[in-house]
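As structure tokens, the structure follows; a few thoughts come after it.
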Ligand code: SF4
């Protein structure tokens, strides 16, 4: 079982400036204040009591951890050391910027029990990085990944398709470059326009147009399949919905959906179901089998996949759960027999 995250949000702490798209306080609904040692320990205890026997992983998100003053980094990590030593805490992860990582900082993190670092890479295109006000280039990403791996730390890469200057081609070139670095996982967050950011001003004056939701879903679907085929898991697509993010006036524009990842999964299932219907005559009654817990992926939001299958293939489609089905497969039962196909986003990792 995966460890349970004990999250601590430290919005913008350590950040050298605000990137044009970013407002972590609005996204996470938290203020940028470092937790005290007592707060750290009490939240860990709360999670431990709520999930007895489950291993715990502390996660510091929302800022640039490795650019905090060294004393602050030490103040956050030191109280965790006894818990790591006695096994009450399995590990620590944190997020940071690529240009705030070097060999020395990576070694320091490893010595303090940090097992995973998530790098806010966003793009591997120099112009996109420039237009997004990131303040670093591609070389810093490559150096950061190498330093972290050398220190024995697992690296996650966060990408943001749809940033200023980005195109479909550039998003895929970014993905290829990120995959070539062989991270342990990716997160993909299509760019949103958050009120109060520089991107919001550019959007208002017509200098920036975000991805439309259907385009973002299609792009992310293709990126997810490519990453999976390369053996790199994508552990999240689309921002976590928070009350703050969904408060009227926070989100100005962009491809937001509270269940964005499920939209992507449903699109993938739709493609697989269409392939399974090859040669099935219009007018047929068909039933798709979904592994346990996957029925809604096949049915789609508001039963949209079933309606589209009817419109595009002329079939009367339904979905049933098949608990005995391999979790990576989808089945099709019709008058001509039974067929199976594999979901391309669920290939075993190599
Ligand atoms: S994207 Fe990262 S580095 Fe840029 S302002 Fe946001 S948290 Fe800070």
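Structure summary
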item: Virtual spin-label span in nm between residue 246 and residue 324, 7 Å along Cα→Cβ; result: 3.9
item: Model label zone, residue 213; criterion: amide N under 13 Å from point 7 Å along Cα-to-beta-carbon; scope segment 246-270; result: 253-264
item: Between segment 98-134 and segment 141-186, the Cα center-to-center distance that results, in Å; result: 10
item: Helix-only [θ]222 nm of the chain, DSSP H runs n ≥ 4, -39500 (n - 2.57) each, per residue, nearest 500; result: -11000 deg cm²/dmol
item: Taking all pairs of distinct alpha-carbon atoms in segment 1-155, Kirkwood radius in angstrom; result: 16.1
item: Principal axes of segment 4-258: Cα extent on each, largest first, Å; result: 53, 39, 33
item: Per-selection Kirkwood Rh - segment 99-238 (Cα, Å, 1 d.p.); result: 15.7
item: For segment 264-342, alpha-carbon Rg relative to the globular expectation (2.2 N^0.38 Å, N residues); result: 0.96
item: Considering only segment 4-258, percent of DSSP beta bridges that pair antiparallel, nearest 5; result: 5
item: Ranking of 2, 112, 134 by count of other Cβ atoms within 10 Å, fewest first; result: 2, 112, 134
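Throughout, read-outs are computed from the coordinates displayed, never taken from laboratory work. Here the structure is a predicted model, which is why all the values come from computation and not from measurement. Every residue, glycine as well, gets a Cβ built from its backbone with ideal geometry; the counts of neighbours run over all protein chains shown.
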